[in-house]
Every structure is written in C-alpha cells, then in structure tokens.
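See structure below.
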Amino acid sequence: MNWLTNNWPAVLELAGAHLMQSVVPVVIGLLISVPLARLAAGNRWLRPLFVTGSSLLYTIPSLTLFVVLPLILGTRITAVSNVIVALTLYVIAILVRSCVDAFESLDRDVLQAATAMGYKPARRFFGVELPLAVPVMIAGLRVATVSNISMVSVGAVIGIQSLGTLFTDGLRRSIVAEIVVGIVATVVIAVVLDQLLRLLGHTMTRWQRTGTAAPHASARRRDDTGDGADTGGARGAAGALATVESGGASA
Amino acid sequence: MSLFAEAAQFLTDPAHWTGATGIPQRLLEHVGYSVLTMAIALVIAVPLGLWVGHTGRGGGVVVGLAGALRSLPTLGLLTLFTLLMGLGLMPPILALVLLAIPPILSGTYSGIAAVSPALVDAARAMGMTESQTLFRVEIPVALPVILGGIRNAALQVLATVTIVAYINLGGLGRYLIDGLAVRDYSRMLAAVVLVAVLALAADAVLALAQRLVTSPGLRSTGDRP
Amino acid sequence: MTEMAIRYRGVSKVYPDGTTAVDNLDLDVPSGSLTVFVGPSGCGKTTSLRMLNRMVDPTSGVVEVNGQDVSSIPAAQLRRSMGYVMQQSGLLPHKTVEDNIATVPRLNGVSKKESRANARELLGSVGLDESLATRYPAQLSGGQQQRVGVARALAADPPVLLMDEPFSAVDPVVRQDLQHELLDLQKRLHRTIIFVTHDIDEAILLGNRVAVFARGGRLAQYATPEELLRAPADDFVADFIGRDRGFRSLSFENAAVALQPVTVLAADTGERTVVGPGSENPAPWQGTGAAASSDWVLAVDERRHPLGWLPVRSGGEAAGREELRVGGTLWHEGDSLRTALDAALSSPSGQAVAVHEDGSVAGVVPGEDVMRAIEEQRATRHHGAEQA
C-alpha cells in the first residue's frame with residue numbers, strides 16, 4: 001500500500017485516461033449504431049452487410065487496430081485517438097447487431113397501434129421504438145463497456161497511457177504492488193460502470209417489470225406441472241395488474 | 001501508404017519464412033500457446049458449465065464468476081504472474097486461461113440451461129438416465145451455443161497471445177514488440193496483419209466446425225414444406 | 001373380474017410447502033382400457049399420472065403397475081416400459097423423425113437398422129407418410145409432431161401408455177382427427193392407456209372410464225362416461241361436466257327407432273321415388289301413402305346422397321331448386337339418440353335423414369319418433385333402477 005500512497009496522483013491520472021478511452025467510444029459508438037441499426041433492421045441489403053461486417057470487424061484483434069489505425073488516420077502510434085477510434089469500431093460492432101435484433105423483435109401490433117394513433121415516423125421512433133429497444137441496447141452497452149475497459153490496457157504494450165501502463169511499468173521495475181493496484185483499479189472501474197448501466201436500464205424500463213407475482217401462483221404452478229402454462233399465464237396477468245396498481249414500484 | 005508496401009515486402013521476403021525466427025516458426029508458437037491455453041480452459045470450464053447447467057445448482061455463482069473474470073485485465077495478470085512466478089511458459093498460459101474461461105463457461109452453462117425443460121422432462125420420461133439425458137439430449141441441443149462460446153474464447157486467446165512476446169516469449173507478437181523497440185513500423189504492421197489473418201482463418205474454421213457438428217434439425221426451421 | 005393393470009392405494013403427494021397435489025387416491029385401472037384423468041388445473045391429475053412412471057414419487061401410499069410396486073423398479077427401467085406422450089410433443093429437435101421414434105428401442109439396445117425399420121412402420125400406423133421419416137421435428141406441423149410423439153411412445157411396444165394432455169396444443173380440427181385416430185389405434189392395440197386432459201368433452205369421447213379430480217387432489221368420481229353424465233356424484237362433478245348434460249348423455253343411448261319411407265327427388269332427372277326400410281330398390285312414387293303426404297321432398301344426387309329439402313306446393317308440385325334448404329346433420333343406422341335428435345332438430349322438415357354406410361339415403365326418422373324413443377329409454381332405465 002506504500003506504493004499507492006506515494007503514487008496516487010499518477011494512478012488517478014492514469015485512471016482518468018483509462019476511463020476516457022473506454023467511455024468516449026461507448027458514447028460515440030451508441031450515437032452511430034442506433035441510426036445504423038434502424039436503417040438496417042428489416043432491410044434486405046443493409047442488414048446482411050452490417051451484420052456480417054460487424055462480426056468480421058470483431059474478429060480483428062485490438063492490437064492490430066491500434067497499430068494499423070495511425071497509418072490510416074495519420075496519427076502518432078501512441079496517440080490516444082487511435083484507441084478511441086478502434087474501440088468505437090468495436091462498440092459499433094457489438095451494438096449494431098444487438099440493436100438490429102432489438103428493432104426487429106418489436107411487437108408489430110404495438111407499432112401499428114402507434115401509427116394508428118397518429119404517431120408520425122420520427123415521433124414513433126423516439127416515442128415508441130427506441131424506448132422499447134432499451135433493454136437490449138443496455139445489455140449490449142454493458143458488454144461493450146466491460147470489454148472496452150479490459151482492452152484499453154492492452155494499448156500500454158505499444159506505449160499508450162492508461163492503467164495498463166502500471167502493468168508494463170510494474171513489470172519493468174519489478175513492483176508487484178503497482179500491478180496489483182492497476183488490476184484492482186481496472187476491476188473497480190469495470191464494476192462501477194457496469195452497475196451504473198444496470199441502474200440506468202432499470203430506471204428506463206419500469207414498464208418491463210411485471211412486479212412480484214402473487215405467492216399462491218408459484219405454489220399452484222408446482223402443484224400440477226401439466227398445468228404450468230395456465231398458471232404461468234395467470235402469473236403474468238397478476239404481475240401486469242400489480243404493475244398497473246402500484247405504478248411499477250413493487251419490484 | 002509506403003508502410004503497407006514495406007510490410008508487404010517484409011511478409012514476402014523468403015528470408016523471413018525460414019529458421020527459428022521465421023514466420024512459420026512464430027506462427028507455430030502462436031498457435032501452440034493458443035491450443036495449450038484452450039485445452040486447459042476447456043478441461044476446466046466445460047465440465048463445470050455442464051454440471052451447473054444440468055443440475056441448475058450454482059447458476060448465479062457461475063454468472064457472477066464469469067463476469068468477475070471478464071473484468072480482469074489480461075495484461076495485468078500476465079505481468080503479475082510473471083513477477084510472482086518468474087519467466088517461463090506458465091505465467092502467460094495461466095493469464096490466458098483466465099481469459100478463456102468466462103466465454104466457455106457461460107456458453108456451456110447458458111446453452112445447457114436454455115434447453116427446454118419440457119424436452120428434458122420428455123427425455124427422463126422415456127427412461128433416459130441422467131447421463132443419457134445430458135449426453136444424448138442436452139449437449140446435442142446446446143451444442144451451437146457451447147461451440148459459440150468456445151469460438152469466442154479461441155478468438156480472444158489468439159488475439160491476446162500477441163502480448164506474451166512482451167515477457168520474452170515467442171509467437172507473432174515477437175515481431176510487434178521487436179519492431180516497436182527499434183521503431184520498425186513495417187514489421188509491427190506485418191505482425192498485426194498476420195495475427196488478424198490468423199484470427200479470421202481460425203474463426204472461419206471454427207464456424208465451419210460449428211456448422212458441421214450442429215444437427216440440421218436445430219437450424220432448419222425455415223424450410224417447412 | 002377384469003385384471004387390474006394399475007392400482008393406486010392410499011396415494012398422497014404433499015409438497016414441502018404444504019400444498020396437497022394428490023389426496024389419498026384409491027383407483028384401479030383395468031388392463032387394456034382407456035382411462036381418462038380429467039379436472040381443472042391444479043387438481044393433481046398430471047401428478048397422479050407422473051407417479052406411474054416415477055417422474056413424481058408419492059409422499060405416502062403405493063402405486064402398482066401390473067402387480068408390481070413401482071418404487072421397487074429402477075426409474076429408468078420402469079419408464080422405458082411405458083410410452084409417454086406429452087403436450088409439446090417433446091421431440092428431440094436434433095434428431096430425425098425416425099430416430100426420434102427409435103429412441104427407446106435404441107436405449108434398450110435394439111440395433112439402429114432394426115429400430116429405424118420399426119419406426120417407419122409405426123409412421124403408417126399413426127397416419128403419417130413414410131417420407132417424413134428423415135425430416136426434423138421443426139419441419140413438421142403441430143399435428144404431425146403429436147402423431148410422431150404417439151408413434152415414439154408406441155415404439156418399444158409398451159403395455160402401458162401415458163398421455164399428458166397430448167392434444168391440447170393443436171387446433172380443434174386437428175385435435176378431432178387425432179382423437180378419432182387414437183380410438184382407432186386403441187381398437188387395434190388394446191393398451192392400458194391413461195390419458196390426462198382438462199377438457200371434459202375429450203374425456204367423455206375417449207374414456208372407457210373417467211376419473212374426475214377436484215381441486216386439492218381429491219378424486220371426485222370414477223365412472224364410465226355414461227354414468228358420469230347421468231348421475232354426477234356431487235355438485236362439483238355436475239358443475240364441471242357443465243350444461244347440456246342430459247343432451248350429451250344421449251350419446252350413450254343407441255337409437256331404437258324405426259325408419260320411415262321418404263319421397264326423394266333426383267336432382268338431375270327430376271324423377272320422384274320413395275325410399276324406405278325394406279326396399280332395396282326405390283319404389284315408384286304413387287302420389288299416395290305416408291311418404292307422399294309430406295310437405296317436403298328430399299332432393300338427392302345421382303348416387304342418392306342427400307342434397308337438401310324442397311317444400312311441396314299445394315298442387316303437389318315440388319318447389320324449384322332455388323328453394324332448396326340445405327343443412328341438417330345426418331344419422332347413420334346404429335348411431336346414438338343424440339345424433340338422431342340432432343339430425344331431426346337441424347332438419348327443415350323436422351325429420352332426421354338416415355343414410356347408409358355409403359352415404360345414400362335409407363329413410364327418415366320423424367322428430368316425434370326420436371322423442372318417443374328417448375322417453376322409452378328413460379322409463380326403462382327408471383324401471384331397471386327400481387328393480388335393482
């Protein structure tokens with residue numbers, strides 16, 4: 001712990017750089033993926049192009065992108081922007097696929113009902129489609145964020161500053177504490193961001209929670225396995241009712 | 001663009017295709033580390049995932065464990081283990097195994113857990129023993145998901161093996177680290193291109209394998225007459 | 001005394017949370033009969049079924065199959081000796097139809113070749129084409145999947161067949177086909193079948209005997225469908241059977257009614273003849289007699305299949321084809337009083353049209369005759385009951 005008390009300003013600075021390199025790509029990636037996914041959803045040409053393209057992109061190792069991008073972008077090899085562009089590409093690769101699925105799995109009846117009620121396309125997108133796609137998007141964002149945080153440290157191998165620098169520096173100077181601090185800090189950032197996203201998703205999807213089912217429903221379910229479907233339906237209905245009555249606060 | 005030309009020159013130079021530092025040798029080392037890592041990870045994660053998925057016990061623990069392992073930075077583990085255990089093959093392999101376990105474990109567990117309870121019930125009702133239910137019903141049905149997890153892990157390992165060169169081991173990362181040391185970007189570029197080609201090729205092979213071992217009954221829902 | 005294939009003796013199932021699924025069940029099922037367990041959801045019917053192959057173990061009591069306490073037989077071995085058909089077919093999605101059917105024989109060590117050949121034969125007996133053998137379950141319709149499920153249950157030639165709501169997930173038309181095919185199959189195979197359903201009509205149609213379960217796992221009544229309709233044991237059973245009980249109980253009365261002659265009009269030639277009992281060939285129409293005095297003539301096609309009724313005008317002329325009243329169910333000789341009454345009630349002329357096996361007109365039964373037959377049946381039954 002001595003090492004940390006002596007070096008905490010440097011650690012804080014690296015943590016800030018690490019955070020920036022992992023969060024900025026998530027935000028940019030999200031802003032690019034959602035319109036792309038909406039365009040691709042149900043489109044005969046764009047959908048296979050985007051879906052195949054993104055899975056191929058995801059196959060390319062991050063270190064490869066870190067090295068190749070400067071040549072294309074004309075940046076220095078140790079520039080932070082390389083990491084940001086590379087990780088943005090990965091975020092897009094993850095999110096486009098999950099968002100396409102999310103938009104395509106929306107209940108057609110709900111969309112038609114929205115149109116029938118007089119929603120214009122843009123309003124319908126922001127008012128109906130996007131909120132309904134939130135659960136899937138949050139799941140994709142969580143995966144992208146956690147894997148970004150892990151990938152950012154790899155940049156240290158080619159000299160890009162992040163918490164990963166603590167690993168390369170710690171190895172060179174044989175300081176175990178430095179490496180341990182780096183690992184712990186990385187994990188803490190990952191866990192905190194993941195939980196923040198989970199909470200965000202939770203507050204944005206109140207409608208999705210069906211509340212706690214009436215206790216007798218679960219008892220009945222086991223009572224006669226063959227009738228599971230019936231009681232399951234009753235459970236859902238009871239849950240939906242609970243949500244309406246309690247404003248969704250029961251869960 | 002001249003760097004790309006130089007990298008291409010590096011890759012096509014016959015001198016780089018022979019000897020102990022030649023591309024075939026580095027490729028072999030790279031694949032060798034990856035295969036060793038995957039073998040160890042499979043031996044640990046697959047039986048554990050099968051057991052948890054089949055019994056339904058400890059599902060929450062497995063999901064939490066996989067999530068925790070995922071957030072561990074491999075470079076950090078690699079350097080830590082090297083400092084603690086000294087140079088050698090085991091520290092990087094251990095770090096890579098920890099990288100490979102989460103996708104395999106959660107793929108195996110969730111694949112088995114997602115098999116319809118009605119199907120498992122039917123298997124038991126027909127008189128299958130527990131192991132017959134697992135091996136004749138649950139595993140074949142979950143195979144696409146299980147293999148998806150393994151494929152994912154293999155890709156991550158192939159990509160990450162590049163950094164073992166950082167602790168003086170071989171593999172394609174050697175060109176990257178050595179090139180970096182002497183500011184020879186063309187060599188670095190050649191290295192990462194090789195890694196990317198290897199990853200794409202491995203992914204294609206694994207995708208094909210996944211397709212071959214998956215029963216047509218599990219994908220043919222569209223061609224109902 | 002018939003041999004009993006299945007016995008429940010004081011069987012209860014109480015879950016750790018205190019829910020009673022089955023409450024002190026005593027029940028004997030004769031060999032070779034189709035017995036239906038019916039009741040509302042949560043009544044323990046499925047639990048009772050699943051105790052037979054040890055998918056559920058009773059908390060207390062003894063379950064015997066063919067004289068053996070099931071708890072003394074290893075579960076896997078016991079289950080392989082019984083066919084099991086469930087609601088969602090439970091077919092293995094990664095195996096072809098023939099390999100699905102061959103599952104239990106393969107578990108029992110029968111060779112692949114032999115079990116597949118046997119599977120293909122079974123396909124025919126459940127009304128499926130052999131060309132489906134190499135399909136996968138996902139390529140079949142719901143009805144076809146259920147048929148494969150039945151074939152799979154029969155593959156190891158088990159003496160006992162357990163069917164857990166096998167037809168409740170398919171559409172009504174297909175369900176009717178499947179029900180009748182099951183009855184045909186049972187006529188040939190004579191297995192001991194336990195069939196679970198929540199549909200009382202299905203229970204009455206299929207069962208030799210019906211066990212009605214009430215909530216809380218109580219056996220409310222165990223009787224033939226006929227007795228069930230005629231004399232429900234308590235309010236619960238009466239309520240569960242529902243309305244039209246009296247009408248439906250007529251299904252079990254064979255109609256002792258005499259056919260009457262009827263005037264038929266050939267739609268193609270316009271020729272009138274009289275068709276009735278005893279006359280192999282239609283008698284020429286005389287313009288007199290009971291058949292002739294009717295206000296209606298029955299239009300028939302060239303094979304003498306009924307087309308519909310035509311009103312007869314005051315001058316004795318039949319109305320034109322544009323006034324043809326189609327409709328009315330048909331009655332086959334030997335059908336129940338329920339069918340006869342339905343045919344009479346649905347006929348514009350008030351007369352039930354009786355047809356031969358080949359569908360040609362055999363005669364008619366006036367509605368009054370059907371009512372009289374019902375009344376006579378009731379009297380006989382009451383008389384019999386008083387004597388006993």
Check: Once amide H atoms are placed 1.01 Å from N in the peptide plane, what residues at a sequence separation of 5 or more from C:GLN221, or on another chain, have their amide H within under 5 Å of its amide H?
Finding: C:VAL212
Checklist line | Average accessible surface area per residue within the stretch C:112-172, 1.4 Å rolling probe, Å² | finding: 39 Å²
Notebook entry, point to check: Helix B:185-213: angle to the longest alpha-carbon principal axis of chain B, degrees 0 to 90, nearest 10?
Noted result: 20 degrees
Margin query: I need the calculated FRET efficiency for the pair C:ASP234 and C:SER360, taking r as the beta carbon distance and R₀ as 41 Å, to the nearest 0.05.
Written below: 0.30
Checklist line | Solvent exposure, largest accessible area first (probe 1.4 Å, DNA, RNA and ligands not counted), of B:ILE93, B:ILE177 | finding: B:ILE177, B:ILE93
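Taking square-rooted eigenvalues a ≥ b ≥ c of the alpha carbon gyration tensor, is the stretch A:4-53 rounded, prolate or oblate, where a/c under 1.5 means rounded and, failing that, a/b exceeding b/c means prolate?
Prolate is the answer for the stretch A:4-53, as a/c is 1.5 or above and a/b outweighs b/c.
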Next item on the list: Determine the relative contact order of the stretch A:71-211: mean sequence separation of Cα pairs under 8 Å and six or more apart, normalised by residue count, in whole percent.
Entry: 25 percent
Margin query: Quick check: Cα centre of the stretch A:149-202 to Cα centre of the stretch B:8-40, how many Å?
Written below: 30 Å
Note to self: So if each residue of separation counts as 0.36 nm, and I subtract the Cα-Cα distance between B:VAL205 and B:ASP178, what length gain in nm does that give?
What the structure shows: 6.7 nm
Next item on the list: Return, for the Cα atoms of the stretch B:2-214, the radius of gyration and Dmax in Å, separated by a comma.
Entry: 20.4, 69
Next item on the list: Please pull out the direction-averaged projected area of chain C, using the convex hull of its alpha-carbon atoms, in nm² to one decimal place.
Entry: 24.9 nm²
Item checked: Cα-based convex hull volume of the stretch C:185-248 per residue, rounded to whole Å³ -> 90 Å³
Check: What accessible area, in Å² to the nearest ten, does a 1.4 Å probe give for B:HIS16?
Finding: 50 Å²
Note to self: Quick one: the Cα spread of the protein assembly as shown along its three principal axes, in angstroms, biggest first?
What the structure shows: 122, 65, 61
Next item on the list: Classify the stretch A:2-204 as rounded, prolate or oblate from the Cα gyration tensor: take a ≥ b ≥ c as the square roots of its eigenvalues, call it rounded if a/c is under 1.5, otherwise prolate when a/b beats b/c and oblate if not.
Entry: prolate
Notebook entry, point to check: If you find the alpha carbon centre of the stretch C:81-131 and of the stretch C:212-258, how far apart are they in angstrom?
Noted result: 36 Å
Next item on the list: Mind telling me which of B:ALA154, B:ALA191, B:ALA114 comes out most flexible in a GNM of chain B, alpha-carbon contacts under 10 Å?
Entry: B:ALA114
Check: Mean residue ellipticity at 222 nm from the helices of the protein assembly as shown, using -39,500 (n - 2.57) per DSSP H segment of n ≥ 4 over the full residue count, to the nearest 500 deg cm²/dmol?
Finding: -18000 deg cm²/dmol
Notebook entry, point to check: How many angstrom separate the Cα center of the stretch A:72-114 from the Cα center of the stretch C:18-59?
Noted result: 54 Å
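Could you look at the stretch C:102-178 and say what percent of its accessible area is carbon and sulfur, using a 1.4 Å probe and all protein chains?
45 percent
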Notebook entry, point to check: Can you pull the percent of the stretch A:2-204's accessible area that's carbon plus sulfur, 1.4 Å probe, other chains left in place?
Noted result: 68 percent
Item checked: Residue among C:GLY270, C:GLY44, C:GLY67 with the largest mean-square fluctuation in a Gaussian network model of chain C, springs linking Cα atoms under 10 Å -> C:GLY270
Checklist line | Tensor-based shape of the stretch C:53-97 (alpha-carbon gyration tensor, a/c under 1.5 rounded, otherwise prolate or oblate) | finding: prolate
Checklist line | Residues along the stretch A:44-81 losing 20 Å² or more of accessible surface when the other protein chains are present rather than the chain by itself (probe 1.4 Å) | finding: A:LEU56, A:THR59, A:ILE60, A:PRO61, A:LEU63, A:THR64, A:VAL67, A:VAL68, A:LEU71, A:ILE77
Margin query: Quick check: the angle from helix C:172-189's long axis to the longest principal axis of chain C, C-alpha only, nearest 10 degrees?
Written below: 70 degrees
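Rounded to the nearest 5, what % of DSSP beta bridges with both residues in the protein assembly as shown are antiparallel? Let's see the in-between values first.
Working: 39 of 63 bridges.
Approximately 60 percent, going by the DSSP bridge assignments.
Say R0 is 41 Å: what FRET efficiency, to the nearest 0.05, do C:SER60 and C:ASP157 get from their beta-carbon distance?
0.80
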Note to self: Counting only protein heavy atoms, probe 1.4 Å: which residues of the stretch B:103-125 lose 20 Å² or more of accessible surface in the full assembly compared with their chain by itself?
What the structure shows: B:ALA118, B:LEU119, B:ASP121, B:ALA122, B:ARG124, B:ALA125
Check: When all protein chains stay in place, what accessible area (Å², nearest 10, 1.4 Å probe) is found for A:SER174?
Finding: 80 Å²
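Report the B-A buried area as the accessible area lost on both sides summed, probe 1.4 Å, in Å² to the nearest 100.
Summing both sides, the interface buries roughly 2800 Å².
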Margin query: What does the buried accessible surface come to for C and B, summed over both chains, with the probe at 1.4 Å? Round to 100 Å².
Written below: 2100 Å²
Check: Which number gives the lysine pairs in chain C that have C-alpha atoms under 27 Å apart and are eight or more places apart or on different chains?
Finding: 4
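The values are calculated or read from the model by the stated rules, or taken from the named source; none is laboratory data. A quick note: this is a predicted structure, and the numbers were derived from the prediction, not measured. Because the Cβ atoms are built from the backbone with ideal geometry, glycine has one as well, and the counts that use them run over all protein chains shown. For the accessible areas, the whole protein counts, side chains as well, though only heavy atoms, and no ligand, DNA or RNA atoms are used. Shrake-Rupley method; radii C 1.70, N 1.55, O 1.52, S 1.80 Å.
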